[in-house]
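First the structure, in the form of C-alpha coordinates, and then the observations on it.
The values are calculated or read from the model by the stated rules, or taken from the named source; none is laboratory data. On a predicted model such as this, the values are computed, not experimentally measured, just so you know. Cβ: placed from backbone, ideal geometry, glycine included. Neighbour counts: every protein chain shown.
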Amino acid sequence: MRDYEKAVADCYSTWGKTYYDEYYGEKAPYPQVHTELLRSLLKAVGAKNLLDAGCGPASFLRDILNEGIDLYGFDLTPEMVEEAKRIFSENDLPENNIWHGSVLDKEAFALPGKDLGAFDAVICSGVMPHISEEDEDHVICNLKSAVKPGGLVALEARNQFFSLFSLNRYSYDFFRNELIRADELLQQGREYNNEITESLEAMKEQFRMDFPPVRKGKESEPGYDEVLSRVHNPLILKEKFEQMGFTEVNLKFYHFHPLPPVFSKQLPDFFVKQGVTMENPDDWRGFFMASAFFVIGKG
(Lines give C-alpha, C1' and ligand atoms only; values in the text may rest on other atoms or scores of the structure.)
Protein backbone atom coordinates (compact mmCIF):
# COMPACT_ATOMS: atom_id res chain seq x y z
CA MET A 1 0.00 0.00 0.00
CA ARG A 2 1.09 3.52 -0.76
CA ASP A 3 1.15 5.96 2.16
CA TYR A 4 -1.79 7.83 0.67
CA GLU A 5 -3.76 4.58 0.44
CA LYS A 6 -3.27 4.00 4.15
CA ALA A 7 -4.67 7.46 4.86
CA VAL A 8 -7.65 6.79 2.57
CA ALA A 9 -8.36 3.46 4.28
CA ASP A 10 -8.27 5.26 7.63
CA CYS A 11 -10.64 7.91 6.29
CA TYR A 12 -13.26 5.32 5.35
CA SER A 13 -12.69 3.02 8.33
CA THR A 14 -15.64 4.40 10.34
CA TRP A 15 -18.08 4.46 7.42
CA GLY A 16 -18.51 0.72 6.87
CA LYS A 17 -21.97 0.44 8.43
CA THR A 18 -23.24 3.96 7.67
CA TYR A 19 -21.88 4.82 4.21
CA TYR A 20 -24.73 3.29 2.23
CA ASP A 21 -27.47 5.03 4.22
CA GLU A 22 -25.66 8.36 4.16
CA TYR A 23 -24.98 8.41 0.43
CA TYR A 24 -27.42 5.93 -1.15
CA GLY A 25 -30.33 5.85 1.29
CA GLU A 26 -33.55 7.85 1.42
CA LYS A 27 -31.91 10.62 3.45
CA ALA A 28 -28.92 10.99 1.14
CA PRO A 29 -28.32 14.61 0.06
CA TYR A 30 -28.83 13.67 -3.61
CA PRO A 31 -30.36 10.60 -5.28
CA GLN A 32 -27.79 8.16 -6.63
CA VAL A 33 -28.72 8.68 -10.26
CA HIS A 34 -25.55 6.95 -11.43
CA THR A 35 -27.05 3.61 -10.30
CA GLU A 36 -29.59 3.74 -13.13
CA LEU A 37 -26.91 4.90 -15.54
CA LEU A 38 -24.69 1.92 -14.72
CA ARG A 39 -27.63 -0.48 -14.79
CA SER A 40 -28.52 0.65 -18.32
CA LEU A 41 -24.90 0.26 -19.47
CA LEU A 42 -24.67 -3.28 -18.07
CA LYS A 43 -27.96 -4.21 -19.70
CA ALA A 44 -26.83 -2.81 -23.05
CA VAL A 45 -23.74 -5.07 -23.14
CA GLY A 46 -25.56 -8.08 -21.71
CA ALA A 47 -23.08 -8.48 -18.85
CA LYS A 48 -23.27 -11.86 -17.11
CA ASN A 49 -20.66 -11.06 -14.49
CA LEU A 50 -19.41 -7.83 -12.98
CA LEU A 51 -16.49 -6.68 -10.86
CA ASP A 52 -16.85 -3.55 -8.72
CA ALA A 53 -13.31 -2.32 -8.06
CA GLY A 54 -13.58 -0.28 -4.88
CA CYS A 55 -17.02 -1.61 -4.01
CA GLY A 56 -17.22 -0.08 -0.53
CA PRO A 57 -19.94 -1.76 1.55
CA ALA A 58 -21.41 -3.23 -1.67
CA SER A 59 -22.95 0.20 -2.28
CA PHE A 60 -23.86 -0.38 -5.92
CA LEU A 61 -23.83 -4.16 -5.87
CA ARG A 62 -26.64 -4.40 -3.30
CA ASP A 63 -28.88 -2.42 -5.64
CA ILE A 64 -28.50 -4.89 -8.53
CA LEU A 65 -28.78 -8.18 -6.64
CA ASN A 66 -31.72 -9.29 -8.76
CA GLU A 67 -30.40 -8.40 -12.20
CA GLY A 68 -29.19 -11.91 -13.04
CA ILE A 69 -25.53 -10.90 -12.95
CA ASP A 70 -22.80 -12.71 -11.02
CA LEU A 71 -21.45 -10.03 -8.72
CA TYR A 72 -17.93 -9.58 -7.38
CA GLY A 73 -16.11 -6.76 -5.63
CA PHE A 74 -13.08 -5.72 -3.66
CA ASP A 75 -12.16 -2.73 -1.54
CA LEU A 76 -9.14 -1.18 0.13
CA THR A 77 -10.80 -0.63 3.53
CA PRO A 78 -11.25 -3.74 5.72
CA GLU A 79 -14.35 -2.32 7.41
CA MET A 80 -15.98 -1.80 4.02
CA VAL A 81 -15.10 -5.35 2.98
CA GLU A 82 -16.61 -6.73 6.19
CA GLU A 83 -19.88 -4.89 5.59
CA ALA A 84 -20.01 -5.95 1.93
CA LYS A 85 -19.51 -9.57 2.94
CA ARG A 86 -22.37 -9.22 5.42
CA ILE A 87 -24.67 -7.88 2.71
CA PHE A 88 -23.76 -10.75 0.40
CA SER A 89 -24.28 -13.33 3.15
CA GLU A 90 -27.71 -11.91 4.04
CA ASN A 91 -28.71 -12.22 0.39
CA ASP A 92 -27.43 -15.79 -0.01
CA LEU A 93 -24.49 -14.75 -2.16
CA PRO A 94 -20.98 -16.17 -1.62
CA GLU A 95 -18.96 -14.06 0.80
CA ASN A 96 -15.87 -15.09 -1.16
CA ASN A 97 -17.14 -12.95 -4.03
CA ILE A 98 -15.93 -9.98 -1.95
CA TRP A 99 -12.27 -9.56 -1.07
CA HIS A 100 -9.75 -7.06 0.24
CA GLY A 101 -7.62 -5.45 -2.45
CA SER A 102 -6.16 -2.34 -4.00
CA VAL A 103 -6.76 -1.02 -7.51
CA LEU A 104 -2.98 -0.64 -7.74
CA ASP A 105 -2.62 -4.42 -7.51
CA LYS A 106 -3.29 -6.12 -10.84
CA GLU A 107 -3.97 -9.46 -9.19
CA ALA A 108 -6.86 -7.95 -7.24
CA PHE A 109 -8.77 -7.76 -10.55
CA ALA A 110 -8.72 -11.51 -11.20
CA LEU A 111 -11.89 -13.55 -10.91
CA PRO A 112 -11.25 -15.97 -8.01
CA GLY A 113 -9.75 -19.18 -9.34
CA LYS A 114 -9.28 -17.79 -12.84
CA ASP A 115 -6.76 -15.74 -14.79
CA LEU A 116 -7.11 -12.04 -15.48
CA GLY A 117 -9.56 -10.99 -18.18
CA ALA A 118 -12.60 -13.04 -17.11
CA PHE A 119 -15.14 -10.27 -16.52
CA ASP A 120 -17.80 -8.97 -18.89
CA ALA A 121 -17.75 -5.61 -17.12
CA VAL A 122 -15.78 -3.72 -14.49
CA ILE A 123 -16.90 -0.55 -12.75
CA CYS A 124 -14.80 1.69 -10.54
CA SER A 125 -16.62 4.46 -8.68
CA GLY A 126 -15.40 6.76 -5.92
CA VAL A 127 -11.81 5.55 -6.27
CA MET A 128 -10.00 7.83 -8.74
CA PRO A 129 -10.14 10.90 -6.47
CA HIS A 130 -7.91 8.95 -4.09
CA ILE A 131 -5.32 7.85 -6.68
CA SER A 132 -2.17 9.87 -7.26
CA GLU A 133 -1.49 11.32 -10.69
CA GLU A 134 1.57 9.07 -10.94
CA ASP A 135 -0.52 5.94 -10.37
CA GLU A 136 -3.67 6.62 -12.36
CA ASP A 137 -2.41 5.21 -15.68
CA HIS A 138 -1.55 2.00 -13.85
CA VAL A 139 -5.09 1.79 -12.47
CA ILE A 140 -6.62 2.27 -15.91
CA CYS A 141 -4.40 -0.51 -17.29
CA ASN A 142 -5.51 -2.79 -14.46
CA LEU A 143 -9.16 -2.09 -15.27
CA LYS A 144 -8.56 -2.97 -18.90
CA SER A 145 -6.77 -6.20 -17.96
CA ALA A 146 -9.76 -7.36 -15.94
CA VAL A 147 -12.27 -7.61 -18.80
CA LYS A 148 -12.67 -9.96 -21.71
CA PRO A 149 -11.92 -8.54 -25.17
CA GLY A 150 -14.65 -5.99 -25.80
CA GLY A 151 -15.64 -5.98 -22.13
CA LEU A 152 -17.12 -2.84 -20.58
CA VAL A 153 -15.11 -0.57 -18.28
CA ALA A 154 -16.81 2.33 -16.49
CA LEU A 155 -14.54 4.62 -14.47
CA GLU A 156 -16.01 7.42 -12.37
CA ALA A 157 -14.24 10.66 -11.43
CA ARG A 158 -15.02 14.09 -9.99
CA ASN A 159 -15.42 16.68 -12.73
CA GLN A 160 -12.70 19.31 -12.70
CA PHE A 161 -14.64 21.51 -15.12
CA PHE A 162 -17.41 21.81 -12.51
CA SER A 163 -15.01 24.24 -10.84
CA LEU A 164 -15.83 26.74 -13.60
CA PHE A 165 -19.43 26.75 -12.32
CA SER A 166 -19.10 26.29 -8.56
CA LEU A 167 -17.78 29.79 -7.64
CA ASN A 168 -15.99 28.44 -4.58
CA ARG A 169 -12.50 27.48 -3.40
CA TYR A 170 -12.31 24.79 -6.08
CA SER A 171 -12.87 27.50 -8.70
CA TYR A 172 -9.98 29.56 -7.40
CA ASP A 173 -7.69 26.53 -7.37
CA PHE A 174 -8.66 25.70 -10.97
CA PHE A 175 -8.16 29.25 -12.20
CA ARG A 176 -4.86 29.67 -10.36
CA ASN A 177 -3.26 26.28 -10.92
CA GLU A 178 -4.74 24.87 -14.13
CA LEU A 179 -5.66 27.85 -16.29
CA ILE A 180 -3.29 30.62 -15.21
CA ARG A 181 -0.59 28.28 -13.89
CA ALA A 182 0.44 30.97 -11.47
CA ASP A 183 3.71 29.41 -10.36
CA GLU A 184 4.94 29.38 -13.96
CA LEU A 185 3.66 32.91 -14.47
CA LEU A 186 5.53 34.15 -11.41
CA GLN A 187 8.67 32.44 -12.64
CA GLN A 188 8.41 33.98 -16.10
CA GLY A 189 7.51 37.45 -14.89
CA ARG A 190 9.80 37.88 -11.92
CA GLU A 191 10.03 41.63 -12.35
CA TYR A 192 6.23 41.81 -11.97
CA ASN A 193 5.87 39.38 -9.08
CA ASN A 194 4.31 41.93 -6.74
CA GLU A 195 1.70 42.93 -9.30
CA ILE A 196 0.95 39.32 -10.26
CA THR A 197 0.57 38.33 -6.60
CA GLU A 198 -1.75 41.28 -5.96
CA SER A 199 -3.84 40.27 -8.98
CA LEU A 200 -4.12 36.68 -7.75
CA GLU A 201 -5.23 37.85 -4.32
CA ALA A 202 -7.82 40.15 -5.90
CA MET A 203 -9.06 37.22 -7.99
CA LYS A 204 -9.41 35.11 -4.86
CA GLU A 205 -11.86 37.65 -3.48
CA GLN A 206 -14.27 36.83 -6.31
CA PHE A 207 -14.85 33.30 -4.95
CA ARG A 208 -16.38 31.81 -1.81
CA MET A 209 -13.18 30.46 -0.31
CA ASP A 210 -15.09 29.24 2.77
CA PHE A 211 -17.28 26.95 0.66
CA PRO A 212 -17.65 24.04 0.71
CA PRO A 213 -16.58 23.45 4.32
CA VAL A 214 -13.57 21.17 4.72
CA ARG A 215 -14.86 17.65 5.46
CA LYS A 216 -13.21 16.21 8.53
CA GLY A 217 -13.31 12.72 10.02
CA LYS A 218 -16.01 11.55 12.42
CA GLU A 219 -13.58 10.43 15.10
CA SER A 220 -9.77 10.45 15.06
CA GLU A 221 -9.50 9.40 11.41
CA PRO A 222 -8.75 11.93 8.65
CA GLY A 223 -11.70 13.34 6.71
CA TYR A 224 -12.36 13.27 2.97
CA ASP A 225 -10.69 16.63 2.38
CA GLU A 226 -7.76 15.70 4.59
CA VAL A 227 -6.63 12.80 2.40
CA LEU A 228 -5.78 12.72 -1.29
CA SER A 229 -9.04 13.68 -3.07
CA ARG A 230 -8.45 14.87 -6.62
CA VAL A 231 -10.66 16.04 -9.46
CA HIS A 232 -10.14 15.06 -13.10
CA ASN A 233 -10.33 16.76 -16.45
CA PRO A 234 -12.85 14.65 -18.40
CA LEU A 235 -11.20 15.35 -21.75
CA ILE A 236 -7.80 14.21 -20.53
CA LEU A 237 -9.21 11.06 -18.92
CA LYS A 238 -11.09 10.23 -22.12
CA GLU A 239 -7.89 10.72 -24.12
CA LYS A 240 -6.03 8.35 -21.80
CA PHE A 241 -8.62 5.65 -22.42
CA GLU A 242 -8.19 6.05 -26.16
CA GLN A 243 -4.39 6.00 -25.93
CA MET A 244 -4.54 2.78 -23.91
CA GLY A 245 -6.49 0.98 -26.59
CA PHE A 246 -10.07 1.25 -25.40
CA THR A 247 -12.74 1.50 -28.10
CA GLU A 248 -16.12 3.26 -28.16
CA VAL A 249 -14.89 5.69 -25.52
CA ASN A 250 -17.36 8.30 -24.33
CA LEU A 251 -18.26 10.44 -21.35
CA LYS A 252 -21.41 10.25 -19.21
CA PHE A 253 -22.11 13.08 -16.76
CA TYR A 254 -24.21 12.95 -13.62
CA HIS A 255 -25.14 14.88 -10.46
CA PHE A 256 -26.30 18.05 -12.15
CA HIS A 257 -26.64 21.37 -10.32
CA PRO A 258 -29.22 23.94 -11.52
CA LEU A 259 -27.26 26.75 -9.85
CA PRO A 260 -23.77 27.02 -8.39
CA PRO A 261 -23.76 25.02 -5.13
CA VAL A 262 -23.05 28.13 -3.03
CA PHE A 263 -26.78 28.90 -3.46
CA SER A 264 -28.06 25.45 -2.46
CA LYS A 265 -29.01 26.44 1.10
CA GLN A 266 -31.29 29.19 -0.17
CA LEU A 267 -33.62 26.75 -1.97
CA PRO A 268 -32.61 23.21 -0.93
CA ASP A 269 -35.73 21.32 -2.03
CA PHE A 270 -35.89 22.97 -5.43
CA PHE A 271 -32.14 22.57 -5.85
CA VAL A 272 -32.33 18.79 -5.61
CA LYS A 273 -35.61 18.44 -7.50
CA GLN A 274 -34.43 20.56 -10.41
CA GLY A 275 -31.06 18.85 -10.45
CA VAL A 276 -32.71 15.46 -10.85
CA THR A 277 -34.90 16.87 -13.63
CA MET A 278 -31.76 17.98 -15.47
CA GLU A 279 -30.05 14.59 -15.28
CA ASN A 280 -29.02 13.64 -18.79
CA PRO A 281 -25.61 11.96 -19.09
CA ASP A 282 -25.21 13.21 -22.66
CA ASP A 283 -26.14 16.87 -22.09
CA TRP A 284 -23.16 19.07 -23.04
CA ARG A 285 -23.89 21.23 -19.99
CA GLY A 286 -22.69 18.30 -17.92
CA PHE A 287 -19.14 19.40 -18.70
CA PHE A 288 -19.76 22.33 -16.36
CA MET A 289 -22.94 21.74 -14.34
CA ALA A 290 -22.38 18.11 -13.29
CA SER A 291 -19.98 17.37 -10.47
CA ALA A 292 -19.13 13.82 -11.58
CA PHE A 293 -18.76 11.73 -14.72
CA PHE A 294 -17.95 8.27 -16.04
CA VAL A 295 -15.49 7.46 -18.77
CA ILE A 296 -16.93 4.47 -20.61
CA GLY A 297 -14.93 2.24 -22.91
CA LYS A 298 -14.56 -1.30 -24.21
CA GLY A 299 -11.33 -3.13 -23.54
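For region 265-293, give me each residue that is part of a loop (DSSP other than H, G, I, E, B) and at pLDDT 95 or above.
From region 265-293, those part of a loop (DSSP other than H, G, I, E, B) are 267, 279-285; that's our starting set.
Across region 265-293, the qualifying residues are 279, 280, 281, 282, 283, 284, 285.
Checking residue 7 against (1) free of Cβ contacts under 8 Å to residues at least 40 places away in the same chain; (2) over 16 Å from the mean Cα position of the chain (by Cα), which test does it fail?
Exception for residue 7: condition (1).
Return the only residue of 37, 76, 41 being surrounded by 20 or more Cβ atoms within 10 Å (Cβ to Cβ) and in the same structural domain as residue 150 (by TED's automatic domain parsing). Walk me through how you get there before you give the answer.
Values: 37 fails: surrounded by 20 or more Cβ atoms within 10 Å (Cβ to Cβ); 41 fails: surrounded by 20 or more Cβ atoms within 10 Å (Cβ to Cβ).
Exactly one of 37, 76, 41 is surrounded by 20 or more Cβ atoms within 10 Å (Cβ to Cβ) and in the same structural domain as residue 150 (by TED's automatic domain parsing), namely 76.
In this structure, is residue 2 modelled with pLDDT of 95 or more, surrounded by fewer than 16 Cβ atoms within 10 Å (Cβ to Cβ) and among the charged types (D, E, K, R)?
Details: modelled with pLDDT of 95 or more: no; surrounded by fewer than 16 Cβ atoms within 10 Å (Cβ to Cβ): yes; among the charged types (D, E, K, R): yes.
In short, no.
Considering 272, 227, which residue is in the same structural domain as residue 32 (by TED's automatic domain parsing), in contact with a helix residue (DSSP H, G or I) (Cβ under 8 Å, 6 or more places away or on another chain) and not small (Gly, Ala, Ser)? Reasoning before the result, please.
On the way: 272 fails: in contact with a helix residue (DSSP H, G or I) (Cβ under 8 Å, 6 or more places away or on another chain).
Only one candidate passes the filter, namely 227.
Show the residue pairs meeting these rules: Cβ distance below 7 Å; 6+ apart or different chains; first residue within region 83-108 and more than 18 Å from residue 145 (Cα to Cα); second residue hydroxyl-bearing (Ser, Thr, Tyr) and not in a loop (DSSP other than H, G, I, E, B).
95/89; 97/72
Quick test for you: out of 253, 271, pick the one residue that is surrounded by 11 or more Cβ atoms within 10 Å (Cβ to Cβ) and in contact with a Ser or Thr (Cβ under 6 Å, 6 or more places away or on another chain).
Working: 253 fails: in contact with a Ser or Thr (Cβ under 6 Å, 6 or more places away or on another chain).
Exactly one residue qualifies, and that residue is 271.
For region 282-295, name all the residues that are over 12 Å from residue 234 (Cβ atoms) and touching a helix residue (DSSP H, G or I) at 6+ places or on another chain (Cβ under 6 Å).
Kept after step one, since they are over 12 Å from residue 234 (Cβ atoms), are these residues of region 282-295: 282-283, 285, 289.
Answer for region 282-295, where residues must be over 12 Å from residue 234 (Cβ atoms) and touching a helix residue (DSSP H, G or I) at 6+ places or on another chain (Cβ under 6 Å): just 289.
Answer with yes or no whether residue 63 is touching a Ser or Thr at 6+ places or on another chain (Cβ under 9 Å) and surrounded by fewer than 17 Cβ atoms within 10 Å (Cβ to Cβ). Give the steps one after another, and end with the answer.
Working: touching a Ser or Thr at 6+ places or on another chain (Cβ under 9 Å): yes; surrounded by fewer than 17 Cβ atoms within 10 Å (Cβ to Cβ): yes.
Judged against the criteria, residue 63 is a match.
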